[in-house]
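Below is one structure, written out as structure tokens, with a few remarks after it.
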Amino acid sequence: MSNFRRFIRNCIMILGILILVVVNTDTMALQGGFSTEYDESDNDIDDNGDDNGDDNGDGEGHEEDDENQSDGLLELDDDVPFAIRLVIPENQIDDYDTFFNLETEPGEEYTLMVEMFNSGSYPIQVNIDVATAFTNDNVAVDYSSTQPQPDDTLLHLMEDIVEVERPMVEMEPFSIITFYFNVEMPDDLFNGVLAGGLNFQMLELEESSGANGEDDNDENGNENEVGVSPGDPLVRNLYAYTVALLLHQGEEVLPEVILRSKTITPMGPQIEIRSNFQNTEMAFVNDVSIRSLIIDSHTNEIVHDNTSGGDLKIAPNSNFYYSIFINEGDFTTREYIVNHYIESDNWYWQFSERVILVEGGEDEEDPEPDPVPEVAPEPEPDPVPEPLDYGFPWIVLIIVLAFVLGAAVIFLIVYLRTKSVKDAQLEAIQRQLIIKLMEETFDITSEDSKDGNDDKIL
């Protein structure tokens, strides 16, 4: 019964794809801005195909229409029969992201599924691989190719964590295949985001029409492949998707950009100043602009001013080379100061270094001065004797303090004596008053007693 249901589901999906092809639905493949078209001679992502994490380490894609956002179908172009759809896992941080943006735990395993559709009437071959994201020399995040030398701050390569089910898939006309990726997280916890990409490279195959001894021109007069037997598969076109894969773990970290090295290389009439910058942390730096100033160290005059970007991107744990070019004739052999300012919405770094841009030769702007004729030195005047230093006048200070102290003692003695005399006088006056009061009281009492005796006699 389950096989019958699967058959019915596949038939419905094929019918839907055929309807899309017939009505020529104008749906653009956007995988967070990763959908890119390749030809056989160009393996670089185009200007519309870069996507990067935001300042929190999340991926940031181009805008897409509501139809693509709702059904998750990623298509390159109406004329391209190949499309993919991501099966969003449970640990996806944001279900509206058109790339894998996952929260992970140490030692855990996860299975990612991608549905691939061939809506064409001819077979196609799809090559599939995994790459660790890095910053290229255009200061853009590259998810689609492997960097020649991984950055020395990378803890893990995406190629070591993600296992591809098989590197190549052949798809029959009007077919659907579900492809699996096994993600096995390292046992050690890391903080930040590990960035990479899942790459789907589609080759359109067709049978050759030319053969030995037959007409080697097609109906348009173009030459066919010579020496190819009829029925041999030929690669007609080459297209590719790159799906970002961001693995978050632990706590969010802050980016840190350093200047690792600088080289100065003459290139004919120009000079290349090539600087290597490195983001040492597991975090993206978004919306970056780089300003480069060259300052004459003698005059402090700005002789070169160049600003790049505003929309540049720096991947976690990656380094890149940034070059500026100057005309050699505009500079001399003197010393210059080269300043680089790297700025984003939330971060700012400044780097300064003194360099010699033009080697060798005499500096025409700073000729050596003419030799000064020797002049007999004037006789030195007699030395003026320096005043003797007697040190601090301690004796004077002691005398002054003794005088002040003596005056204070004399004042105190006089004050106390004066106060004693006044107190004695006051006491004598009080005593006299008391005696006088007692005498008056005694006189009054005596008169009263005499009057009483007289009354008795009468």
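The values are calculated or read from the model by the stated rules, or taken from the named source; none is laboratory data. All figures in this text were calculated on a predicted structure; none of them were measured in a lab. All Cβ positions, glycine included, derive from the backbone under ideal geometry; neighbour counts span all protein chains shown. Heavy atoms of the whole protein, side chains included, go into the accessibility calculation; ligands, DNA and RNA do not. Shrake-Rupley method; radii C 1.70, N 1.55, O 1.52, S 1.80 Å.
Structure notes:
- Rounded FRET efficiency, nearest 0.05, which uses the C-beta distance separating Ser121 from Tyr321 and R0 of 51 Å: 0.65
- Spin-label model, His298/Glu335: points 7 Å from Cα along the beta carbon direction are separated by 1.3 nm.
- Cβ-derived FRET efficiency at R0 51 Å, Ile399 paired with Gln350, nearest 0.05: 0.20
- Arg431 sits with roughly 130 Å² accessible to a 1.4 Å probe, with DNA, RNA and ligands left out of the calculation.
- Legend: residues Lys262, Lys436, Lys419, sorted from most to least accessible area (1.4 Å probe; ligands, DNA and RNA excluded), read Lys436, Lys419, Lys262.
- Residues of the range 86-126: accessible area per residue with a 1.4 Å probe, Å²: 44
- Residue order by solvent-accessible surface for Asp188, Asp443 is Asp188, Asp443, largest first, with ligands and nucleic acids left out and a 1.4 Å probe.
- Whole-number percent relative contact order across the range 83-190, with pairs defined as alpha carbons under 8 Å at least 6 apart: 37
- Spacing of the modelled spin labels on Thr153 and Glu172, each 7 Å from Cα toward Cβ, amounts to 5.1 nm.
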